[in-house]
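Participant: Handing you a structure now.
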Amino acid sequence: MADTFKYVFLSLVRNKGILIWALAFPIVLSCCFMVMFQGLDQLAQTEPTRVVVVQDEAYDDSDAFRQFVDAASEGDDALLSVTFADTPEEAELLVNGSAGEDRPYAGYVTVGVDGMPTVHLLPEDGSASSGVNNVYQAILVRVMDVFCSKSQMIRELLAQDPLFLANPSNVESVFQVSDVTQKTSLTENAPRESVRYYFALLGMAAMFAAQGSLLAVGALLPNASPLGARRALGGISRIRALLGCILASWLVSFGCLAVAYLFIRYAAGVDFGNRDLPCLGVLAMSSLMSVGMGALIGSIPKGSIGAKAGILAGIACFASLFAGLYGEPTMELADSVAAAFPASQYINPAVQISQAMFSLMYYESLAPCLQHVLVLLAMTAVFFLASARFLGRQRYASL
């Protein structure tokens, strides 16, 4: 078995097809993802709201509003990103001119003679960024409403008691914002849009890595090649030869996936939540599953190696469809199928690999991940038992 392991391992690492699909393919596609999804994760992060403020005489006379604008636009947690204009007409031109930008101005603000601001919002144009801009408009309106309500309250208090603000405790009670909520996270790590594509990519790469065991086990068939005929006449049993092929195929498969994972992790800069060792453990189990799948397809009695490789490629591409690898429409399709037929996920290796990686990233406990690993383990057992049965029952009249 040791000799079988050695020579199968050497033949697999020299096979260009395996290196292309199991190693080069995920690396090249991850480079494409780096370009395609650049800045995608920042879409879920709120940036300061861009607004134009008319800096006219009324603005200069309103000390309270000027101080409020300065406070809201300073610091790392600034709510506003302010651009000043001399006239309302100039401010309107700036706002309308930014309509086609990625982050247009939410609107512009003028100050009345009473010192109260008036918000003029950018009209909705139906573009793709319109929905995001509506959020910034709501933030702008809310910020200005807070200023107006505070100002009105102070005016009413001063009308009742002109010395109200002379007491420092009263001033603190008016302007202090109470922390009535606590910021927390529902997941172990902050959600990121791009990681789902990388998870699905690793699932597809694991299935493509099954080509190694397909070729190795296919070479054990006496009617597939002269090498298989010589092995059949040798003194090593088919089970021991199968074990040697499986070990060599698993080592090559896991090595390719580990290199691809490290490239995605460090070269592409994708943070998997500081759980590198558990992620590599999932990939090791995924490699074993893919080896079992390749062994099963390779042990089919009839059919050429090329035809079997085509079957494996078709299964891998179809399974990756429901893991959401091919873009947002396929993700919506995958989610719809999963909601309508939950059992379909348990027979899809690509989905199980992707979900196992998801569980590691977003759950503090390892229990959800172990559930997916157990499903992969069950698939592996079925694949190996079926392939061993195929190989053990085959008989040939002549070689």
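Participant: What full-extension length gain, to one decimal in nm, is calculated for residue 317 and residue 161 as 0.36 nm per residue of separation minus the Cα-Cα distance?
Facilitator: Numbers: separation 156, 0.36 × 156 = 56.16 nm, distance 7.53 nm.
Length gained between residue 317 and residue 161: 48.6 nm.
Participant: Full extension from residue 337 to residue 99: what is 0.36 nm times the residue separation minus their Cα-Cα distance, to one decimal in nm? Write out the running numbers ahead of the final one.
Facilitator: On the way: separation 238, 0.36 × 238 = 85.68 nm, distance 3.77 nm.
Gain in length upon complete extension: 81.9 nm.
Participant: Sticking with this structure for a sec: For residue 262 and residue 145, FRET efficiency with R0 = 45 Å and r from the beta-carbon atoms, rounded to 0.05? Let's see the in-between values first.
Facilitator: Working: r = 50 Å, r/R0 = 1.12.
Computed FRET efficiency for residue 145 and residue 262: 0.35.
Participant: Per residue, how big is the convex hull around the C-alpha atoms of the range 252-399? Give it to me in cubic angstrom, could you? If you can, show how the numbers build up before the last one.
Facilitator: Values: hull volume 20.4 nm³, N = 148.
Looking at the range 252-399, the number lands at 138 Å³ per residue.
Participant: Just reorder 302, 308 by solvent-accessible area, largest first, 1.4 Å probe, all chains present.
Facilitator: On the way: 302 175, 308 5 Å².
Heavy-atom accessible area, descending, gives 302, 308.
Participant: Could you order peptides 99-108, 86-95, 199-208 by the average number of other Cβ atoms within 10 Å of their residues, highest first? Spell out each step's value before the answer.
Facilitator: Details: 99-108: 18.2, 86-95: 15.8, 199-208: 27.3.
Result, highest mean Cβ count within 10 Å first: 199-208, 99-108, 86-95.
Participant: Okay, next question. Per 0.36 nm of contour for each residue apart, how much would the distance between residue 370 and residue 135 grow if the chain were fully extended, relative to their Cα-Cα spacing? Mind dumping the intermediate values first?
Facilitator: Values: separation 235, 0.36 × 235 = 84.60 nm, distance 3.89 nm.
So the extension gain works out to 80.7 nm.
Participant: Separate question: Listed highest first by mean packing, meaning other Cβ atoms within 10 Å per residue, what order do 331-343, 135-147 come in? Walk me through the numbers on the way to the answer.
Facilitator: Numbers: 331-343: 12.5, 135-147: 16.9.
Ranking, from highest mean packing down: 135-147, 331-343.
The values are calculated or read from the model by the stated rules, or taken from the named source; none is laboratory data. Computed from a predicted structure; not experimentally measured. Note that each Cβ is placed from the backbone with ideal geometry, even for glycine, and that neighbours are counted across all protein chains shown. Just so you know, the surface numbers come from the protein's heavy atoms only, side chains and all, with ligands and any DNA or RNA stripped out. Shrake-Rupley method; radii C 1.70, N 1.55, O 1.52, S 1.80 Å.
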